[in-house]
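Student: Provided herewith is a single structure, encoded as structure tokens, for subsequent inquiry.
What follows draws every value from the coordinates through simple rules; no lab data is involved. This one's a predicted model, so the numbers in the text were calculated from it and none came from an experiment. Virtual Cβ from ideal backbone geometry, glycine too; neighbours counted across all protein chains shown.
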Amino acid sequence: MYESLALKIAGIIVMVLLPPYLDGIARRVKARIQYRRGPPLAQTWYDLRKLFAIPTVLPTKSWMFKAAPYLALASALAAALLLPYGGHVPVNFGYNIIVFFYVVAMVSVFVMLGGFSVQNAFSHLGSAREMTLLLTVEPILAVVYGVFAYNSGSLNLYHIMTHLHLSASLLFAYIILGYALYVESGFVPFDVAEAEQEVIGGPLAEYSGRLLGVFYYAIYIKRFALLWFFVSMVTYPIVGPVHGLAKSVGLFALQLLLTFALYPIIAALEATNARLRIDHIVRTNVKIFFIGLGILAMAFMGW
Amino acid sequence: MAESVSYTEKLKAWNRKEVEKIGEKAPVTTPYPFIDIEKPPEYRGIPHINPEKCVGCGACVNACPPDALIMEWDKEHGVKRLTYNAARCIRCARCIEVCPTGAMEPTTRFEIATNSKEDLVEVVEHRLAYCEECGEYLDFTERQIEYVKNILPKEIFDMYALEDRMKLTQDAKMRVTVEKLRELEGVEYPAYLLAKRGDE
Amino acid sequence: MSKSAFEVEVECECEACEKGKCDSADLVDVLSEREGLKEFYEEFKDSIHECRRLTYGQYLFVIDRDVLPEATLWWHNHPRFKETHMSTAVGTDERAIAGKFSYMPLINVQVEAENMDRNFWVLLKAYMPADDPSFPSVAAKLPAALWIEREVKDLLGFRPIGHPDPRRLILPEDWPEGVYPLRKDMDYRHSPMREPETEFREPPEGTTTVPMGPFHMGIEEPAHFRLFVKGEEIVDVDYRGFYSHRGIEKVGEGRLTYNQVLFLAERICGICGYQHSVSYAMAVERLADVDIPDRARYIRTLMLELERIHNHLLWVGIAAHMVGFDTGFMHAWRIREPVMWLVERLTGNRKQYGMNIVGGVRRDILDYRKEEILKVVKEIREGTKKFLDIALNTNTFIKRAEGVGILPYKIAKAYSVLGPTARASGRRIDARLDQATKTAMAYNEVDFKVPVYKEGDVLARVLVRMDELFESLWIVEQLIDQMPGGDIMVPIGKLPEYAEALGFTEAHRGEVLHYVMTGEKNKVYRWKVRAPTYNNLPAIPDMLRGYNVADAPLIIASIDPCYSCTERVQFVDVRTGRVRVLTEAEFNELSIKNRGVF
């Protein structure tokens, strides 16, 4: 009982504190690829601290403008809460993969709403891109989740993770899951919505100070949640359901380790790519969606 | 400048610290504001006026493209003021080229950021030569006179005669000449040439 | 003054000829020196008042203002001289000398590509009476003249009759009517104000305005592109610029001596400063008819090429940054850094070399430095090869650059687009070889190729620049090899009064042109600077139309725009068929008004 509570609390601490550090790692890795020295690992935290301390300039009276960052943060945290930490899920209930799917999407939706609440062409352009991105990547995720759900016969995240059985369709689903989560996270070359050189920050263009900090924080947590989800999807089926403190802690450590290992790879991918155009992305996503459908069909056939 | 040969040697010997790093895989950037950067000896930094060498001739002022060097006369106090403002300086080093006494000294300093604008200004004040005859200050400085004395070929000029005249204003010079001519030749020159300036 | 071989034939000069029938032998000599001159003279015999050679390869015709458009177009559309273009024009307040205003298009005539002894400059000077400074506009038929005619209208109060868009270009909105800054009766310190008022166009039906600028991440300097978009597609473009005007020409004419102007010229641009410096020095040397020592020519060429090398690397870095490929950006600049270090040791500064003086250079290149230069050249060559290998194999980068921002040859010629932008569109022009640079630079004594691509897209511009970079490295190696000894400068005493000449170099963006007319007492009476971006920027709307908003920063960056050099005289807007202007307040208003892209 206590160990479950302890692990849940540990999970919450990780989801709150770790994401900016992960970004710090990415910045460091990118810097090294670019032969730069790079900032300290805690630089993202310093940035956030500074942003939190600065009051926001309000360009509009719309309440959405002020609420959007906090709602996005809440959605991101909610997504992270649905994931298992060392075999224990802080908030676990029935069909929570659907909830997870929605709260992750909600982060993007709130970013968009924030962007649309101001009268700035760049905000609107960026929000429109975010929407396009969301509309093309979510179907892929839905299909992939469908494969997993069918494979494990459940709509509960933890249950899915622990009840998958190996099949060809599952392996393909993993590949597509990786791609979709990468796109959803908005890493280069898929960072079109916030592209600085093109739409000067897109939906975030009018944000400043504390609200901008909250948005950034929400986005980091969302990225963490998506990565953690992927890591969990990889580790749990292999390790299986765990009991006992030692094993749980071990699993938790394994999850952390994989997260730390994957983030530099993402950073390297980011550093070695140019930003794509939204029409490129849409075309690729549509292609992958149909492949996803094929895999779903495979799963139904039991392959 | 006596060691000009060794200056070339110095140039040859100087090596940039960062150069070694650029070949390696290691980061090539430096944590710059937190470390000092050494500029090569050829670097044209902000110049510096050596007040010991400056004679106040103003050659630099004429050459300076952005008016970073300004010359002012304060006849009341008998002062000629040469002001160098690093904030206006474009570091073209024209002043260094034209300075006849080498008073404009090149440096390799390039960081001139400061909290107070006064830190950027160098002022050299020269005493103007004083004309005993008419009690006025001349346009040029005492040092300029000394400098001219030193570079004039002694064989050609009668130094003693010069000594008398040099520190006189244009008016006084003329008067002295006229007086002398009168003495020597007894020629009548118009009296207005002898009148002191303040007399009318 | 010693005269080298090519100077001997410049002895004769044809001074003022009587109207229409200049039958002096000198005129015949002058006209037979270059192809096309006689033809032109025959064609416009009745309107030519005077013709003379200013200096080697520069011919001045004083013509009636009525035939300005025909004469300009005669050269520009000459069937044999295919790459001929109108470089720019100069308006001068000559009331103090001649009691008239003058307007003078400068035409770069290309008889044969890369032959500096056959090509030449034609200056078509037309005088206008002081009380009626107007001339027939050529802009309707030749877009290259659009900006310059509006510029002289703003700065000198000339009236281009029949200009398709006679609105304010250079002057800011709060500048009063009837005050013309470049007229000689205006003091350079005078700065009048009025209430700002502007004219600007409504966006096309069904589009949204995306204001790029005046401050935008993708544009390093203040410039304002208004993109009229449908969704993400650019329907039309609007440009407003000249925010960073510094009044350099006025200061140069008002206050400085000819050697001080040189340092001002170097500061026109932070990137191609040395090109401006050499161009200006060349113009003054040409009008004073001074030959500079060979060693000075070589050192100048060396520095120019080193500048080109690091500027191309800078540019390719920026281009990578524009598409979010920051690794390419950082590495391009890492490769560039040793060049900066090298020039710092050669000249005393990383940029703004301060190497030039009219009549030569100020610092000699010490012999042991040659090894160091060659070492850096080798490093750069290897580094750049590796970099290109990576960049051109980055799929996402190629995807963004290929087939984007296409500039057809026809438009490139009509706008007189210059430099790598033109060469990527198939124009075979390079002022280094096309015009007589041999008096100030040593390009005639080295061997190199001018890369030309036909595609006209952003990728072609990248490739042209990179090919050029390798050629530049090769030039540097040759220069080091052939560096002659001797003096590095000749002193110039007094300048002739009211003499005029052109100086030009090929900067990494295109041909830089300086026109200098001397005044009394070693001062400059008229100094006209034409940076290459001035010709390239008007073609941007044609490159942007039909592409995505996402491509806009890359396309704009692909001409390597330099707003400050272009705007050494004050405010611009590009035309796309229609032109418009916009103020800050209206821009804010607009962004509030036009809400919602979808």
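Student: If you find the alpha carbon centre of the stretch C:224-249 and of the stretch C:279-314, how far apart are they in angstrom?
Tutor: 33
Student: Return a single number: how many Lys pairs in chain A, at a sequence separation of 8 or more or on separate chains, have alpha-carbon atoms below 29 angstrom apart.
Tutor: 11
Student: Roughly how many Å is it from the Cα centre of the stretch C:412-485 to that of the stretch C:335-355, as a whole number?
Tutor: If we compute the Cα centre of each part, the gap is 21 Å.
Student: Using a/c under 1.5 as the rounded threshold, could you call the stretch C:15-161 rounded, prolate or oblate? The axes a ≥ b ≥ c are square roots of the C-alpha gyration tensor eigenvalues, and prolate needs a/b larger than b/c, oblate otherwise.
Tutor: oblate
Student: To the nearest 20 debye, what is the magnitude of the charge dipole of chain C about its Cα centre, counting +1 on the Cβ of each Lys and Arg and -1 on the Cβ of each Asp and Glu?
Tutor: With only Lys, Arg, Asp and Glu charged at Cβ, the dipole is about 1060 debye.
Student: Still on this model: Let a ≥ b ≥ c be the square roots of the eigenvalues of the Cα gyration tensor of chain C; is it rounded (a/c under 1.5), or, if not, prolate (a/b larger than b/c) or oblate?
Tutor: Working: a/c = 1.58, a/b = 1.08, b/c = 1.46.
The shape class here is oblate.
Student: Count, for each residue of C:395-405, the Cβ atoms from other chains sitting within 10 Å of its Cβ, then give me the mean as a whole number.
Tutor: Mean shielding by partner chains, rounded to a whole number: 3.
Student: Out of C:PRO181, C:PRO211, C:PRO408, whose Cα points farthest toward the positive end of the dipole of chain C (charges: +1 Lys, Arg; -1 Asp, Glu; placed on Cβ)?
Tutor: C:PRO211
Student: Just tell me which aspartates and glutamates come within less than 17 Å, Cα to Cα, of B:LYS117; anything on the same chain fewer than 8 places away is out.
Tutor: The qualifying aspartates and glutamates are B:ASP67.
Student: Okay, next question. Among DSSP beta bridges lying fully in the protein assembly as shown, give the percent that are antiparallel, nearest 5.
Tutor: 90
Student: Rounded, prolate or oblate for the stretch A:242-302? Axes are the square roots of the Cα gyration tensor eigenvalues, ordered a ≥ b ≥ c, and the cut-off for rounded is a/c under 1.5.
Tutor: oblate
Student: Treat every Asp and Glu Cβ in chain A as -1 and every Lys and Arg Cβ as +1, leave all other atoms uncharged, and give the resulting dipole magnitude about the Cα centre to the nearest 20 debye. Could you put the intermediate results ahead of the total?
Tutor: Numbers: 20 positive and 13 negative charges, 117 e Å.
My answer is approximately 560 debye.
Student: Please work out the C-alpha center-to-center distance from the stretch C:101-132 to the stretch B:22-86 and express it in whole Å.
Tutor: One Cα centre to the other: 43 Å.
Student: Return one number: the angle in degrees, 0 to 90 and rounded to the nearest 10, between the long axis of the Cα atoms of helix A:43-53 and the longest principal axis of the Cα atoms of chain A.
Tutor: With both axes taken from Cα atoms, the answer is about 60 degrees.
Student: Can you give the local net charge around C:TYR525? Use residues other than it whose beta-carbon is closer than 10 angstrom to its beta-carbon, Lys and Arg +1, Asp and Glu -1.
Tutor: Spelling it out: positives minus negatives among the neighbours equals -3.
Student: Pairs to check: C:LYS153/C:LYS528; B:LYS149/C:LYS494; C:LYS250/C:LYS438. Give those whose C-alpha atoms are more than 21 Å from each other in this structure.
Tutor: Going by Cα-Cα distance, B:LYS149/C:LYS494; C:LYS250/C:LYS438 fall outside the 21 Å limit.
Student: Working from Cα positions, state the angle (0 to 90°, nearest 10) between the long axis of helix A:63-81 and the longest principal axis of chain A.
Tutor: 20
Student: Take each of the peptides C:104-116, C:44-56, average the number of other beta-carbon atoms within 10 Å over its residues, and list them starting from the highest. Spell out each step's value before the answer.
Tutor: Values: C:104-116: 21.2, C:44-56: 18.5.
Result, highest mean first: C:104-116, C:44-56.
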